[in-house]
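Below you'll find the structure, written out as structure tokens, and then a few comments.
The values are calculated or read from the model by the stated rules, or taken from the named source; none is laboratory data. This structure is a prediction, so every number in the text was calculated from the model and none was measured. Cβ coordinates were reconstructed from backbone atoms using ideal geometry, including for glycine residues, and neighbour counts include every protein chain displayed. SASA here: full protein model, heavy atoms, side chains in, ligands and nucleic acids out. Shrake-Rupley method; radii C 1.70, N 1.55, O 1.52, S 1.80 Å.
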Amino acid sequence: MNGLPVKYPPSVFTFTDDPFLERLAERLEGAPDGVHELVARDLEESLKKVIDEQFQSATDPYGQPYQPPLAGNRPMQRTGALRAGMRVRAESSSDGVEVSVTSQAPYARYLQSGTSRMAPRLIVPGSAFLAPKWRGVATEAY
């Protein structure tokens, strides 16, 4: 998943001859960055929980159950490496907050996009705005 950018027009505040107002203006100019940092931290933690819930319930981001594997084990959890290797990173940027979800398991991309012999088993939605739980987490963070 690449980013949930929200753009705000730049704010410029200027006051002269009043040190208190000048300091206040400087803080106000930096406020969007502080808000983005708070949103990034909240999104990161919340999305980790959403992904964990998906693995626990064996459902994709849209709430659909994963197709059971031929090996008969629990869907998406043969060894636990996939689940343990999931990483969520949210970073504040000048445009808002960018979120990336990666996996240390090299086969995660085949599960996510599917192969010629296997339908995709989504770990992350194609767009956060299409999966209700992911959309809810983003909305709540903002």
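Per-residue SASA remark: Val124, around 20 Å² accessible (1.4 Å probe; ligands, DNA and RNA not included).
Selection among Gln77, Thr59, Ser103 by position relative to the dipole of region 46-107 gives Gln77 as farthest towards the positive end (Cβ unit charges, Cα centre). Protection proxy ranking for 72-85, 42-55, 99-112, using the average of other Cβ atoms within 10 Å per residue and placing the highest first: 42-55, 99-112, 72-85.
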